[in-house]
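The values are calculated or read from the model by the stated rules, or taken from the named source; none is laboratory data. Being a predicted model, the structure only gives us computed values, none of them experimental. Cβ placement follows ideal geometry from the backbone for every residue including glycine, while neighbour counts extend to all protein chains displayed. Side chains are part of the model used for accessible areas, which takes the heavy atoms of the whole protein and leaves out ligands, DNA and RNA. Shrake-Rupley method; radii C 1.70, N 1.55, O 1.52, S 1.80 Å.
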Amino acid sequence: MREYLKNGIEKIGLDISDEKIDRLMEYLKLLVEYNSHTNLTAIRDEEGIIEKHFLDSLLVMKYMGITEGKAIDIGTGAGFPGMVLAICNPEINFTLIDSVGKKVNFLKQVIEKLELKNVEAHNVRAEEYINDKNRETYDIGLCRGVSKLNIILEYVIPFLKKDGRFLPQKMEGTNEEKDGENALKVLKSKIVEIYSEELPYSKDKRLILDILKTAKTDKKYPRANGVPAKKPL
């Protein structure tokens, strides 16, 4: 499995050290073991986890454009893309949040067992976590396929600094960027690029949107729990 991961990393055009690959393999072992008794991901075979979760997460690393700073992953689940990226980018501080307690409990075990100093995980909703201390303090926002773009923008953009970037991952063909036009305008952000990628073995297509925050966000966003989904911007 280690060679499968290493070859996949090379195929997507990244150069990651053997030490970091070893840590990713430790993470994989913990995930497979935990997933055997607690449902974290529907993908259970190791090859599937490596490609559909690990390598899929690493596609974003090509476009992050920073070597230090702060990143937030909203709706991280079992740590995708945030935990994978944190292991491979130890100089960037990552905040992983998810509303499902069992997933955050697992992430905390990973942080402890891998002795990761640049990651924190919180069992909380985005609209509960944001406050004056962490509003507009992050350089990078992450979210992988959690919700439609016009909804997730409202949760992520308020965390970003002016000129911060949001790099959501989407399946090809959803056309969500069209539906997100008004939300982008309201939240003073814009899509500057859309990157087309593919997974190295299955050749499944992926899109990564590069969204730039151009000005401060009105403090009324994000709205209360449930409102963005019921009444998207």
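I'd like to check which helices (runs of 4 or more DSSP H) are fully inside the range 147-233 and have at least 2 residues that are surrounded by fewer than 18 Cβ atoms within 10 Å (Cβ to Cβ). Spell out the reasoning first.
Numbers: elements: 149-156, 176-179, 181-186, 227-230.
Per the criteria, 176-179, 181-186, 227-230.
Within the range 96-120, track down each residue that is open to solvent by 10 Å² or more (accessible area, probe 1.4 Å) and under 14 Å from the mean Cα position of the chain (by Cα).
D98, V119, E120
In the range 215-233, how many are more than 20 Å from N131 (Cα to Cα) and in contact (Cβ under 8 Å) with a residue 12 or more places away in the chain?
So the count comes out to 3.
List the number of the failed condition for I92; all other conditions in (1) in contact with a Leu (Cβ under 9 Å, 6 or more places away or on another chain); (2) β-branched (V, I, T); (3) surrounded by fewer than 16 Cβ atoms within 10 Å (Cβ to Cβ) hold.
So I92 meets the others, but not (3).
Listed here are the residues, each with its yes/no results for (1) farther than 26 Å from I66 by Cβ; (2) touching a strand residue (DSSP E or B) at 6+ places or on another chain (Cβ under 6 Å); (3) modelled with pLDDT under 95.
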residue: I92; (1), (2), (3): no, yes, no
residue: K117; (1), (2), (3): no, no, no
residue: I157; (1), (2), (3): no, yes, no
residue: K170; (1), (2), (3): no, yes, yes
residue: G180; (1), (2), (3): no, no, yes
residue: Y201; (1), (2), (3): yes, no, no
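Select from the range 15-38 the residues that are open to solvent by 30 Å² or more (accessible area, probe 1.4 Å), modelled with pLDDT of 95 or more and assigned to a loop (DSSP other than H, G, I, E, B) and write down the one among them that is nearest to C88 (Cα to Cα).
Within the range 15-38, the match that is nearest to C88 (Cα to Cα) is S17.
Would you pick out the residues in the range 128-139 that are over 17 Å from the mean Cα position of the chain (by Cα) and not in a loop (DSSP other than H, G, I, E, B)?
Scanning the range 128-139 gives a single hit, E128.
Mind counting the residues in the range 133-192 that are without any contact (Cβ under 8 Å) to a residue 40 or more places away in the chain and on the phi > 0 side of the Ramachandran plot?
4
Would the range 61-78 turn up any residue that is in contact with a helix residue (DSSP H, G or I) (Cβ under 8 Å, 6 or more places away or on another chain), crowded, with 21+ Cβ neighbours inside 10 Å and either assigned to a helix (DSSP H, G or I) or of a type in the set (K, R) (or both)?
Checked against the condition, which is being in contact with a helix residue (DSSP H, G or I) (Cβ under 8 Å, 6 or more places away or on another chain), crowded, with 21+ Cβ neighbours inside 10 Å and either assigned to a helix (DSSP H, G or I) or of a type in the set (K, R) (or both), the range 61-78 yields no hits at all.
Kindly evaluate E46 against the criterion of being buried (at least 16 other Cβ atoms within 10 Å of the Cβ), at pLDDT below 95 and over 22 Å from K148 (Cβ atoms). Even if it seems obvious, please write down each step before you answer.
Values: buried (at least 16 other Cβ atoms within 10 Å of the Cβ): yes; at pLDDT below 95: yes; over 22 Å from K148 (Cβ atoms): yes.
So E46 fits the description; yes.
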